[in-house]
Ligand SMILES: *Cc1c(COP(=O)(O)O)cnc(C)c1O
């Protein structure tokens, strides 16, 4: 059976997949079964932050697996405590962590913390969570409902939990908060929703307003976190102090992990929340190593120069193809290139892929770039050379 046939027969049909068979990766370069190579500007949706086939990560996984992978949260787990310390220190916030296995789980935990805050401080009168249009917060029933996209709230999965609504923009939040609102949850760059970024002053003003009303600010950094925007957290970049922050994707470098960090350290008590796999030896030891690699990458200035080179390359594309694109979006190595004509989004991504470069989509009309943070300049150069070839082809075809 071909890979496609196998997948179609035995895997539930939730993804529109590309049936290339990748067998190997090195840094930001992937190889398929025919050894054709691809420059990966998507890094598995911002997950493989330190690159494919990273030898240090492989060694860390091997060495940890040889000792202990999992012992359960019935016992203290040293790498978990050390990772919590590392993440808290890198963030600069006075917070404590809970460990799960995914972004959605981290957001679920964030919502539980907020709800309990409302119970304890306001006798349950405050429970509503406000999110933003085009946000994305996960695929569980609750985080789907928190996601500000009607197409995700399918009747097929109803009923959804109560107390979630989304606003069109930040300005609308001021009018829609009431004395039942317990939290506002948002991304600082909407990773799935078209790379929409918010103005720094606008977010700071909202943060001050929420603080004055004792409404919690939850920042979903599942995609923006762990140096993606240049700082450890986008919240650092925005210079705000959220109450709760969620992290996942990039911190594990490919190993599943989700973290919720909270300023309100006293909310949870034993029995309130838990996870079998969350915070195990393997995922925490690897994430510690990812943090170590990226901290150095940032402090030596390599991250900045990589991201500058990437931005410059994008700018060249925008200048050369201003009939196709109209804007560059995002920060750091979380970038978008907006198409003038949304109808060609899928075909552009397909042509790029054929030329050997992997680019993601975001929203209706944006090419999304989330390369490994450790991508080399040589790979960036080659990736953009291929993008030029693909775009020339597209031009000649129409
Ligand atoms: C990917 C993502 C999630 C969901 O993470 P999973 O690990 O797929 O559950 C939540 N929020 C944001 C902003 C994301 O990008």
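Structure summary
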quantity: Matching option when the condition is free of Cβ contacts under 8 Å to residues at least 60 places away in the same chain and farther than 24 Å from residue 104 by Cβ, among 221, 202; calculated: 202
quantity: Qualifying residue in the stretch 372-395 (condition: loosely packed, with under 13 Cβ neighbours inside 10 Å, out of contact with any helix residue (DSSP H, G or I) (no Cβ under 9 Å at 6 or more places or on another chain) and either outside the structural domain of residue 196 (by TED's automatic domain parsing) or assigned to a helix (DSSP H, G or I) (or both)); calculated: yes
quantity: Criterion: within 21 Å of residue 264 (Cα to Cα), away from the ligand (no atom under 16 Å from the Cβ), in the same structural domain as residue 222 (by TED's automatic domain parsing) and not in a loop (DSSP other than H, G, I, E, B) - qualifying residue of 112, 85; calculated: 85
quantity: Residue satisfying all of: in the stretch 121-143; part of a helix (DSSP H, G or I) and more than 16 Å from the ligand (Cβ to nearest atom); nearest to residue 175 (Cα to Cα) among these; calculated: 122
quantity: Qualifying residues in the stretch 89-106 (those that are away from the ligand (no atom under 16 Å from the Cβ) and within 18 Å of the chain's Cα centre (by Cα)) - the one surrounded by the fewest Cβ atoms within 10 Å (Cβ to Cβ); calculated: 90
quantity: Strands (runs of 3 or more DSSP E) lying entirely in the stretch 144-259 (those with 2 or more residues that are more than 14 Å from the ligand (Cβ to nearest atom)); calculated: 164-167, 181-186, 216-220
quantity: Any hit, the stretch 260-278, residues being within 20 Å of residue 94 (Cα to Cα) and within 16 Å of the ligand (Cβ to nearest atom); calculated: yes
quantity: Condition check for residue 42: closer than 30 Å to residue 382 by Cβ, in contact with a strand residue (DSSP E or B) (Cβ under 7 Å, 6 or more places away or on another chain) and either in the same structural domain as residue 362 (by TED's automatic domain parsing) or within 16 Å of the ligand (Cβ to nearest atom) (or both); calculated: yes
quantity: Qualifying positions in the stretch 19-35 - out of contact with any strand residue (DSSP E or B) (no Cβ under 9 Å at 6 or more places or on another chain) and in contact (Cβ under 8 Å) with a residue 24 or more places away in the chain; calculated: none
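Every residue, every condition in (1) more than 23 Å from residue 232 (Cα to Cα); (2) in the same structural domain as residue 277 (by TED's automatic domain parsing), yes or no:
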position: 21; (1), (2): yes, no
position: 70; (1), (2): yes, yes
position: 75; (1), (2): yes, yes
position: 108; (1), (2): no, yes
position: 117; (1), (2): yes, yes
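A quick yes/no check of all residues on (1) surrounded by 14 or more Cβ atoms within 10 Å (Cβ to Cβ); (2) touching a helix residue (DSSP H, G or I) at 6+ places or on another chain (Cβ under 9 Å); (3) part of a helix (DSSP H, G or I):
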position	(1), (2), (3)
8	no, no, yes
12	no, no, no
18	no, yes, no
31	yes, no, no
58	no, no, yes
73	yes, yes, no
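The values are calculated or read from the model by the stated rules, or taken from the named source; none is laboratory data. Bear in mind the structure is a predicted one, so any value in this text is a computation, not a measurement. For neighbour counting, all protein chains shown are included, and Cβ atoms are generated from backbone atoms with ideal geometry for every residue, glycine included.
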